Amino acid sequence: MGDEAAIVEARAPPGQDLDLPNGGGLLCVTDKIYGIRGRMDITFIRGLEIDTVIGIYDWERKIRQAVVLDIEMGCSVKQAAATDAIADAVDYEAISKRLLQYVRESRFQLVESLAEGIAGVLRNEFGVRWLRLTLSKREAVAEARGDVGVIIERGERY
């Protein structure tokens, strides 16, 4: 199959009910899913810590601060599992190296802007169709017991 989706009509034998997880009689099978529409594999990178210049205050523009990325990327692992070849997998080492470079060189004021930039890198340079990114800024609010940040989701689940 190519990028197009194949629609398969499922019919139960006479006198029997068709029991599909989505409650209907149609299944959508794509080259990325190999199954029921809505099931998606996820490759993730957690805890990628990167120092960068980020913040709105003058003092923040003069120092580097740590941000931490947790990334989930929609993909299919079926081909990689079948071939055991990195060429068929999401190369999280290459993605991590590129994000380290991008974030270290960035000079955003807002975590929201940095998150959008990271999403753009993932989608445009690595072909990631769906992602969820948590970007945390350490110690941004003294009274907060943990990090503060933003969670964005971009693309369409497939």
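None of the figures in this text is laboratory data; all of them are computed from the coordinates on show. Only a predicted model underlies this, so the values are computations on that prediction, with no experimental measurement involved. Here Cβ is always computed from backbone atoms with ideal geometry, including for glycine, and neighbour counts include all displayed protein chains.
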query = Going by how many other Cβ atoms sit within 10 Å of their own, how do K62, K137 line up, fewest first?
reply = K62, K137
query = When a footprinting reagent is the concern and you count Cβ atoms within 10 Å, what order do I45, I50 take, fewest first?
reply = I45, I50
query = So how do 140-148, 114-122 stack up, highest first, on mean other-Cβ count within 10 Å?
reply = 114-122, 140-148
